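**Q** The structure under discussion is supplied below as structure tokens; questions concerning it will follow.
The values are calculated or read from the model by the stated rules, or taken from the named source; none is laboratory data. Computed from a prediction, not measured in an experiment: that's the story for all the values here. Note that we place each Cβ from the backbone using ideal geometry, even for glycine, and neighbour counts take in every protein chain shown. We work out accessible area using only protein heavy atoms, side chains counted, and drop any ligands, DNA or RNA first. Shrake-Rupley method; radii C 1.70, N 1.55, O 1.52, S 1.80 Å.
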Amino acid sequence: MRRFPIEVQEFANQFVDMREKRHKADYDPHATFPKLIVEQDIEATDRAIKGFQQVPIKDRRAFAVYVLLTIRS
């Protein structure tokens, strides 16, 4: 099985990490998020998005299809 480019994998991993933190922020009243960590998360997410945007469109489309099919199955 062909793997996605590293930039797509990093984007996906960052997305999952941020989604987990968002859920924690929404549902855990005791959750705290130090400013430095939030700033680092924003920078990491920005890098992941920029890397993803540099990947050829065929790979981004393949990833989108993969995500859609994985969710439906």
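**Q** If you plug each phi of the range 57-70 into the Karplus form 6.51 cos²θ - 1.76 cosθ + 1.60 with θ = phi - 60°, what whole-Hz ³J(HN,Hα) values come out, in order, with x for Gly and Pro?
**A** 4, 4, 6, 5, 5, 4, 5, 4, 5, 4, 5, 4, 5, 5
**Q** Sticking with this structure for a sec: Each residue of the range 20-36 in order: what ³J(HN,Hα) in whole Hz does its phi give by Karplus 6.51 cos²θ - 1.76 cosθ + 1.60, θ = phi - 60°, with x for Gly and Pro?
**A** After applying 6.51 cos²θ - 1.76 cosθ + 1.60, I find 5, 5, 4, 4, 4, 5, 6, 10, 10, x, 9, 5, 10, 9, x, 3, 4 Hz.
**Q** Distance from a point 7 Å along Cα→Cβ of His23 to each backbone N in the range 54-73: keep the residues under 20 Å and list them by number.
**A** Once the point is set 7 Å along Cα→Cβ of His23, 67-73 turn out to lie under 20 Å by backbone N, inside the range 54-73.
**Q** Separate question: Among Phe63, Gly51, Phe15, whose Cα lies farthest out toward the positive end of the dipole of the chain, if unit charges sit on the beta carbon of Lys, Arg (+1) and Asp, Glu (-1)?
**A** Working it through, the farthest residue towards the positive pole turns out to be Phe63.
**Q** To continue, here is another question. Round to a whole angstrom and tell me the spacing of the C-alpha centers of the range 1-31 and the range 43-73.
**A** 12
**Q** Taking K and R as +1 and D and E as -1, what net charge do the other residues with C-beta under 14 Å from the C-beta of Tyr27 add up to?
**A** Every neighbour counted, the sum reads +1.
**Q** Further, regarding this structure: Taking a spot 7 Å from the Cα of Gln40 along the direction of its beta carbon, which residues of the range 3-31 have an amide N less than 14 Å from it?
**A** none
**Q** Shape verdict for the chain, please, from the Cα gyration tensor: rounded (a/c under 1.5), prolate (a/b greater than b/c) or oblate.
**A** oblate
**Q** With runs of 4+ DSSP H residues as the only contributors, calculate the mean residue ellipticity of the chain at 222 nm using -39,500 (n - 2.57) per run, divided by the residue total and rounded to the nearest 500.
**A** Calculated mean residue ellipticity at 222 nm is -27000 deg cm²/dmol.
**Q** How many percent of the accessible area of the chain is carbon or sulfur, using a 1.4 Å probe?
**A** Summing carbon and sulfur atoms, their accessible area is 59 percent of the total for the chain.
**Q** Turning to a different aspect of this structure: Please list, or write none, the lysines whose alpha carbon is within less than 20 Å of the alpha carbon of Lys21, excluding same-chain residues fewer than 8 places away.
**A** Hits, sequence-local ones excluded: Lys35.
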